[in-house]
Amino acid sequence: MASQTSDVKVYIYDISMGMARAMSQGILGRQINGIWHTGIVVYGQEYFFGGSSGIEACSPGGTVLGNPLEIVNLGQTEIPFDVFMDYLHELSITTYKPESYHLFHHNCNNFSSEVAQFLTGKDIPSHITSLPQEVLSTPFGAMIQPFVEAMHVQGGHSPFQ
């Protein structure tokens, strides 16, 4: 059986569209550079987790967020596409169901981290996964938690149809 390989990249978006960078110091008392959304690009599709549909897929950069601010190359995977899709399907019915979404504790970045490690053994940048705790540790972060938890990214489709 021939080995299948694919480049694996993490696409990084700022769902605040620059407002976090501009306003965080005054509001939170510390500088944050964005409110991050990530997706994993592999096998020609971008996979991400959102609160409305669970695991979704789209063409790279095809979410409502447009082009990513940053693309980080995580290397290559030798996991065959069908094994990857079985893995995603299992995650979609166990760990990453739509109703399990939580912006601070179980979000797109947790999904990207888990998938990146499955595919390459590497993680996404730690400043992305540590941001929720950094924000929640501020008085204002605790106050806005209910508002921010209502945010999610759409624009993909189920990869299992």
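Read the figures in this text as sums done on the coordinates, not as results from a lab. Computed from a predicted model, the values in this text were never measured in an experiment. Reconstructed Cβ throughout: ideal geometry from the backbone, glycine too, with neighbour counts over all protein chains shown.
Highest-first packing order for the peptide set 109-115, 121-127 is 109-115, 121-127, based on the mean count of other beta carbon atoms within 10 Å. From the helices alone, meaning DSSP H stretches of at least four residues, give me the mean residue ellipticity at 222 nm for the chain, per-run term -39500 (n - 2.57), in deg cm²/dmol to the nearest 500. So the helix-based figure for the chain works out to -10000 deg cm²/dmol. Applied to the stretch 111-119, the Karplus parametrisation 6.51 cos²θ - 1.76 cosθ + 1.60 on θ = phi - 60° returns per-residue 3J(HN,Hα) values of 4, 4, 4, 5, 5, 4, 5, 5, 7 Hz, with x for Gly and Pro.
Once the C-beta distance of THR138 and GLN4 is scaled by a Förster radius of 30 Å, the resulting FRET efficiency is 0.10 to the nearest 0.05.
Couplings 3J(HN,Hα) of the stretch 129-139, computed from phi: 6, 8, 4, x, 5, 4, 5, 5, 6, 9, x Hz, in residue order, whole Hz [Karplus 6.51 cos²θ - 1.76 cosθ + 1.60, θ = phi - 60°; x for Gly and Pro]. Other residues within the sphere of radius under 15 Å centred on the Cβ of PRO159, judged by their own Cβ, net out at -4 (K and R +1, D and E -1).
Of the residues SER16, SER100, ILE27, the one whose Cα sits farthest towards the positive end of the charge dipole of the chain is ILE27 (charges of +1 on Lys and Arg Cβ, -1 on Asp and Glu Cβ, taken about the Cα centre).
Each Lys and Arg contributes +1 and each Asp and Glu -1, all at the Cβ; summed about the Cα centre of the chain, the dipole is approximately 460 debye. The HN-Hα couplings worked out from phi for the stretch 51-68 by the Karplus form 6.51 cos²θ - 1.76 cosθ + 1.60 (θ = phi - 60°) are x, 8, 10, x, 6, 10, 9, 7, 5, x, x, x, 7, 5, 7, x, 6, x Hz, whole numbers, x standing for Gly and Pro.
Taking amide hydrogens as placed 1.01 Å from N in the peptide plane, the amide H of TYR43 sits under 5 Å from those of ASP7, each at least 5 positions away in sequence or on another chain.
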